[in-house]
Amino acid sequence: MSHKPYSTRAQKITASTTMRIDAQYKQMLAEGQDVIGFGAGEPDFDTPEHIKAAGIAAIENNLTRYTPPAGTEELRKAVCKRFKANKGLDYAPSQIVVSSGGKHNLYIALACLLNPGDEVILPTPYWVSYKEQIEMCGGVVVEVNCDKGDRFELDVDDIAHVITPKTKVMILNSPSNPTGMVVPRETLEKIAMLCVEHEIFVISDEIYSKLVYEGTFTSIAAISPKMKDLTVVLSGVSKSFAMTGWRVGYVAANQELATLMANYQSHSTSSPATMAQKAAAVALSGDQSCVEALRDVFHKRRDLFLAKADEIPLVKVIRPQGAFYVMMSIEALLGKTLYGKVINNADDFAELLLQKACVAVVPCGGFGAPNYLRWGYATSDENIVKGLERLKVFIEGAM
């Protein structure tokens, strides 16, 4: 059937790598295969009971109507309280915009900041949706490689080198998905000097800021008042409270930009579900011991993963400082033939590992790191041990 062409911009969008791997993993599970998944970007815990109870009570009390487009006053006040306690940042509720998850916050921020042709500095490796959303909003991606061999580290000189009159935004993610690295304060101070000098906005994705095991987390917005004015602080309840499916994220920004974002959202999705906002408000304003308990479990899993991965030949892991991911280099295996297949990149390796060993991991070509795999340790100790043992057998069996 003939028709006029679809949107050129939409046709350039590629499917999320992480979602694709997770879909394959779930399909194999549904078929009864003994497959172990390390691809999901979400905690494997249940939402804490007191938070679930708040959502249920909201429904029972008929809190089921529209809220203001930027979110309920209760939730925005709770966000302000948490930002003050966790990051030392002071915001008014009118500077908070609540959206349907961190991904939606990112999109609205980019849509309100970018004009066609504006350049966005994007350190690599990066979360796969950053690049796609920049391009969806008409921006131009300018990648800065942070692969230093034994770790991933932002080099301020590299950032300075790519700044042009068209540079509008930089995306900063600390702790990082996929690397788990935490940007130290001294580096943030140097980045802030550059951004203030060149009037560059920073979208600071801090969704994993409560999941830090080494080093100290600092928000770039806390460096100086001028930097705070240029920063969009992005966070949410998904990772720290095991609330991924509740779809509640939020940003803090200067008043003018926050108003723009709220207006933009009012004509697109409006706010998240009312009962989800109520549950998020309870999560943020209540006892935070559930967050610390979750962090402690992930810390132990990280250490277990690193210990087991060190026993495997021809792969190298980069020690993460936060989040719940490990980057694994397969550079030593590139060009080799495993089970009749030449390994040209991480995609080839991941596909073969899933076929032969029933282990699902995320190849990082879509993250700007084609020689790496991302392993998520948001899974049980048993699965971590079993999955890495399968990797070891898979590699040794092919040599």
**Prompt:** Looking at this structure, is PRO363 farther than 21 Å from VAL128 by Cβ and either in contact (Cβ under 8 Å) with a residue 24 or more places away in the chain or under 23 Å from the mean Cα position of the chain (by Cα) (or both)?
**Reply:** no
**Asked** Any residue at all in segment 60-74 that is under 30 Å from THR379 (Cβ atoms) and either surrounded by 13 or more Cβ atoms within 10 Å (Cβ to Cβ) or of a type in the set (A, V, I, L, M, F, W, C) (or both)?
**Response** no
**Asked** What helices (runs of 4 or more DSSP H) lie completely within segment 252-367 and have 2 or more residues being under 29 Å from ASP46 (Cβ atoms), in the same structural domain as CYS137 (by TED's automatic domain parsing) and among the polar types (S, T, N, Q)?
**Response** 274-285
**Prompt:** Between a first residue in segment 171-197 that is closer than 27 Å to HIS299 by Cα and assigned by TED's automatic domain parsing to the domain that holds LEU373 and a second residue that is not polar (S, T, N, Q) and not in a loop (DSSP other than H, G, I, E, B), which pairs have beta carbons less than 8 Å apart while being 6 or more apart in sequence or on different chains?
**Reply:** none
**Request:** Select from segment 176-207 the residues that are among the acidic types (Asp, Glu) and under 17 Å from LEU122 (Cβ atoms) and list them in ascending order.
**Result:** ASP205, GLU206
**Asked** List, please: which pairs have Cβ atoms under 7 Å, are six or more places apart or on different chains, and start with a residue in segment 301-321 that is within 15 Å of GLY387 (Cβ to Cβ) and end with one that is modelled with pLDDT of 95 or more and among the polar types (S, T, N, Q)?
**Response** VAL315/SER329
**Filter pass, THR164 being β-branched (Val, Ile, Thr), surrounded by fewer than 16 Cβ atoms within 10 Å (Cβ to Cβ), outside any strand (DSSP E or B) and not assigned by TED's automatic domain parsing to the domain that holds ARG302** = yes
**Prompt:** Got a sec? Which of ALA253, ALA276, ALA293 is within 27 Å of SER204 (Cβ to Cβ), surrounded by fewer than 17 Cβ atoms within 10 Å (Cβ to Cβ), at pLDDT 95 or above and within 21 Å of the chain's Cα centre (by Cα)?
**Reply:** ALA293
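The values are calculated or read from the model by the stated rules, or taken from the named source; none is laboratory data. Every value quoted in this text rests on a predicted model; they were computed, and no experiment measured them. Glycine also receives a Cβ, built like all others from the backbone with ideal geometry; neighbour counts cover every protein chain displayed.
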